[in-house]
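Visitor: Pasting a structure below so you can have a look.
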Amino acid sequence: MAIKIKIPRVKGFRGSLKSPFLRAGLAAFLIVCIVLFGVFSYYYIKYQKIVEQRMSGQIFANTAKIYAQPRSVRIGQKADPREVSNYLRHAGYTEAGEQGKSKLGVYRVLKDAIEIKPGVESYYNAEGAVIRVKDGLVEKIASLGDAGDNLSAYELEPQLVTGLFDGQARSKRRLVKYDDIPKVMVDAVTSIEDRRFFHHSGVNYWRLMQAAWVDLRQGGNRQGGSTITMQVARGFFLSPEKKLKRKLTEILISIELEQRFSKKQIFELYANQVDMGQRGSFTITGFGEAAQAYFSKDLKDITLPEAALLAALVQRPSYLSPYRHPERAQDRRNLVLDAMVETGSITRAQADAAKATPLKLAPQNVEASDAPYFVDLIREQLVNKYSEEDLNSEGFRIYTTLDPTLQQVAAQAVDTGLKEVDAQVKKLRTKKVKVGKNKFETKVVPGPIPQVALVALDPHTGEVLALVGGRNYGFSQLNHAVAKRPTGSIFKPFVYAAAVNNAVTNEQPIFTPSSLVDDSPTAFINGDDVYTPRNYKEEYHGQVTAQFALAHSLNNATVKVAEMVGYDKVANLAKIAGITSVRATPAMALGSYDATPMEMASAYTIFSNNGERIMPIMISSVRDANGDIIDNYQAQKTQVLDPRVAYVITDMLQGVINNGTAAGPAGVRARKFTAPAAGKTGSSHDGWFAGFTSNLLCIVWVGYDDYSDIHLSGSAIALPIWTEFMKRAVDLPNYSDVKPFAPPQGVVELTLDKATNQIATPACPDDYTTAFIDGTQPTQTCEQTAHGNVFQRIFGIEPKATPTPPASNTVGNPGTVSQQPAGNPQNQAETPDSEKKKKGFWGRIFGGSKDENKDDNKGIKPAATPSPGKDRPH
């Protein structure tokens, strides 16, 4: 029996379609849908083209890379295979057997040894080597070449310092591949920023709606709801403003990105463009640069707590800065760790252990790691020869002379020394201010901030090894290492060098370190001008030796030496040495003309390098992305002084450190720097110290940007920084082998009696040692010259008059120089003893007056603040 089912009709449905209101509504709905679809299609196609155009070429602008100088390992040097392996990893090498073999090279750590094999893109074309270590010292270096020769030294791959930044953007980035990003970093970021990143199609609609609901309830635009893909879309194509239109555009671009790229590629884009804070005046962009900035590590080497901190900073890098706000940063880091537990990335035990780890940050010293003032000079030098676009787009490699370890030492020394400078400046500015009747308050008068420059170079090659151009690069990018300032008394050695050079050119008068100079107040006539220099604290010493005059930086004596030798000769020598602004005037002798610390470093190489001036060099090689040489750089050298003259001045400058203006309770030796060294203090408006050892030359300048007088001597403010730097430097293996200065052939060193300036004997114990160009030294002893023997003194028999050698020439007022040719007694003047009144019998037995042998070479008591307008010697 068939069963029929009757489906009832819905009455009124067709009829309802006849309703004009419903039909109008449906039509309006369709029209809206078509319009929306058209708008969507228009913008979809529009942004598809934008994404295609932006992502079709090179996504991130390439940058030229700046490398430090190679590190040398020598036989007998301290070494640790693990430390060397860390250095090589930082330089870009990979360990043997590690996935993703580096084209720069590979290494393998062995028992008490390390094997190194440079790659095809290495700085070197040389064979590899095995470095063997025993008891912490390099025992043997064997080449991996066919011959297997033993080597005395081996140079390691230069380390990357930084990328050559875009001059306008001032941002730094180290590009990383997804495979270079450790899993712990990916897990940390996705746990806190976008847990469903690997599962959604670019937009997390549910999270977006939640964020919108929170914004509606609380008011404002507090919740973003953006996925990692949406953050990439915003970072590449949009502004950070929070508006509905921008959010819709963000969604469209995100869909486009998801269709074009894989999840790994999108995360790689994100990892290279996320803002990670500020370092100095540069923006830290990407996780690669952030790992270096915050931990001084490669990204692939970071630990769980470090990865969590980087992921934490993504939200608000400035607000969460671990340097300025460590508590905020730590709280956010711990929140990331908890999120990683919730997603199953780590266990609760791992999270708790990571939370217990303190923030271990790299020192916040941009100078120590990035050398920004050095890099600025490199950039200026390069863009004069290459276009910036070519440098960056071709990925050039710039190999420099910078020693990163010595740069760290320089930055630390400046940081330590400036604390002492600031304390002295504060003391000077602390005044009692009247605030009412018989009421006073102690206040610190405001004023400019002291600035600093430090230039360190190899005195034999001219390579700039370290450079600090200011106290804070983020505060001021003015590079004081190349800013011109009056040189003060660090110019004086050039005056004495011009005078000593007379012995080489056979000009009169012959001048030596023991020549007598009149240190008395004098007015010097220069055309229509009258120049009246004054000594520090207006202390004058009468007749003193040239060595004493330079060691104690006596102003009047130095100008008299310049007048004697000729202002034009001094100026010519200075110009050849690189101090080009000088003019032949009396004021020149005291350093009244300008030069930069870099220029003075170059000028001082004539003393430290056997009379040869070396132009500073900062770039050793420019290469392409494959390591092929494009350009090599060599230092320019000019012979300025005879090596004998250079050594004599160096010997005199040792006296500055050992018993002159750089000596005393706050001097170089008192600060426990004991290596053989020569140097000169200087003061004008600023403080200077120029000094060198056998293997390192360093110039330090301290002063104000507004050119006002700092009212402190170079020995008080520049010397402490120089000494701190040198102390730290000689502790480094490459600079520890400091040797005494070796005299060249044709130089003799003698110990002289202070009273007579003749060769000292045991009968004349008050003596000093100095160097002479052979043929200009004294030939008589102090006994022969002034004392005679006991029978002569008893019976009144005058000792035979002996010639006064050139070492005793007197430089006084104009026209009073005693010019005595060496080795010609007949032409030499009678000794002062022959003119003295003869003593009586008892006087000859028991000696003369108590002042007869009084030492003229008294020390100067330095004052903290010189009187206004006085030329300071220190």
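Visitor: Along each of the three principal axes of the Cα atoms of region 586-634, give the extent in whole Å, ordering the values from largest to smallest.
Guide: 56, 24, 10
Visitor: Give the peptides 87-94, 475-482, 139-146, 714-721 in descending order of average Cβ contacts within 10 Å, highest first.
Guide: In decreasing order of mean packing, 87-94, 475-482, 139-146, 714-721 become 714-721, 87-94, 475-482, 139-146.
Visitor: ³J(HN,Hα) across region 286-300 via Karplus (A = 6.51, B = -1.76, C = 1.60, θ = phi - 60°), whole Hz, x for Gly/Pro?
Guide: 3J(HN,Hα) across region 286-300, in whole Hz: x, 5, x, 5, 5, 4, 5, 5, 8, 10, 6, 9, 6, 4, 5.
Visitor: Right, another one. Which Rg and Dmax, in Å, describe the Cα atoms of region 376-422?
Guide: Just the Cα atoms of region 376-422 yield Rg and Dmax of 15.9, 46 Å.
Visitor: Where does each of 435-442, 307-314 land if you order them by average Cβ count within 10 Å, highest first?
Guide: 307-314, 435-442
Visitor: Using only C-alpha atoms and all pairs of different ones, pull out the Kirkwood radius for region 413-465 in Å with one decimal.
Guide: 14.3
Visitor: Further, regarding this structure: Give me the number: length gained by fully extending Phe198 to Asp301, i.e. 0.36 nm times residue separation minus the C-alpha to C-alpha distance, one decimal in nm.
Guide: In short, 34.7 nm is gained.
Visitor: Now for a different question. Treat every Asp and Glu Cβ in region 687-761 as -1 and every Lys and Arg Cβ as +1, leave all other atoms uncharged, and give the resulting dipole magnitude about the Cα centre to the nearest 20 debye.
Guide: Taking the Cα centre of region 687-761 as origin, the dipole is about 280 debye.
Visitor: What FRET efficiency comes out for the pair Lys360/Gln99, r = Cβ-Cβ distance, R0 = 30 Å, nearest 0.05?
Guide: It comes out at approximately 0.65.
Visitor: Further question: With the Cα gyration tensor of region 336-467 in hand, give its eigenvalues times 5 under a square root as the equivalent ellipsoid semi-axes, listed largest first in whole angstrom.
Guide: Output for region 336-467: semi-axes of 40, 35, 16 Å.
Visitor: Quick one: which residues, 5+ away or cross-chain, put their amide H under 5 Å from the amide H of Gln639? H built at 1.01 Å from N.
Guide: Residues meeting the amide H criterion: Arg613.
Visitor: Can I ask one more? At 4 °C and a viscosity of 1.567 mPa s, what translational diffusion coefficient does Stokes-Einstein give for region 89-190, taking Rh as the Kirkwood radius over Cα pairs? Give it in µm²/s as a whole number.
Guide: 80
Visitor: Hey, another quick one. Applying the Karplus parametrisation 6.51 cos²θ - 1.76 cosθ + 1.60 with θ = phi - 60° to the phi angles of region 419-430, what ³J(HN,Hα) value in whole Hz is obtained for each residue in order, glycine and proline being reported as x?
Guide: 4, 5, 4, 4, 5, 5, 5, 4, 4, 5, 8, 7
Visitor: Going by amide H atoms built from the backbone, whose H comes under 5 Å of the H on Asp519, apart from near neighbours?
Guide: His541, Gly542, Gln543, Val544
Visitor: Can you work out the FRET efficiency for the pair Thr430 and Leu144, with r the C-beta to C-beta distance and R0 = 56 Å, to the nearest 0.05?
Guide: It comes to 0.30.
Visitor: On full extension of the chain, what length is gained from Asp706 through Tyr633, given 0.36 nm per residue of separation minus the C-alpha to C-alpha distance?
Guide: Between Asp706 and Tyr633, full extension yields an extra 22.7 nm.
Visitor: List the chymotrypsin sites (Phe, Trp or Tyr not before Pro) in region 280-362 that DSSP assigns to loop (not H, G, I, E or B) and whose Cβ has at most 16 other Cβ atoms within 10 Å. Which are they?
Guide: Passing sites in region 280-362 are Tyr319, Tyr323.
Visitor: If the viscosity is 1.567 mPa s and the temperature 4 °C, what Stokes-Einstein diffusion coefficient in µm²/s follows for region 244-342 when Rh is the Kirkwood radius over Cα pairs?
Guide: After rounding, the answer is 87 µm²/s.
Visitor: Same structure, new question: At q = 0.17, 0.23, 0.26, 0.30 Å⁻¹, what log₁₀ I(q)/I(0) does a Debye calculation on the Cα points of region 640-694 give, no solvent, two decimals?
Guide: Cα-only, vacuum Debye calculation for region 640-694: -0.56, -0.89, -1.04, -1.20.
Visitor: Now for a separate question. Kindly report, to the nearest 10 Å², the accessible surface of Val452 as traced by a 1.4 Å probe over protein heavy atoms only.
Guide: 0
Visitor: Further, regarding this structure: Using a 1.4 Å probe, what is the accessible area per residue for region 369-496, in Å²?
Guide: Result: 42 Å² per residue.
Visitor: Which peptide among 751-760, 621-630, 515-524, 25-34 comes first, and what is the full order, when sorted by highest mean count of other Cβ atoms within 10 Å?
Guide: Going by the mean number of other Cβ atoms within 10 Å, highest first, we get 751-760, 515-524, 621-630, 25-34.
The values are calculated or read from the model by the stated rules, or taken from the named source; none is laboratory data. It should be emphasised that the depicted structure is a prediction, and the values quoted were computed from it without experimental measurement. Cβ sites come from the backbone with ideal geometry, for glycine too, and all protein chains shown count toward neighbours. Each accessible area value is taken on the protein alone, full model and side chains, heavy atoms only, with ligands, DNA and RNA left out. Shrake-Rupley method; radii C 1.70, N 1.55, O 1.52, S 1.80 Å.
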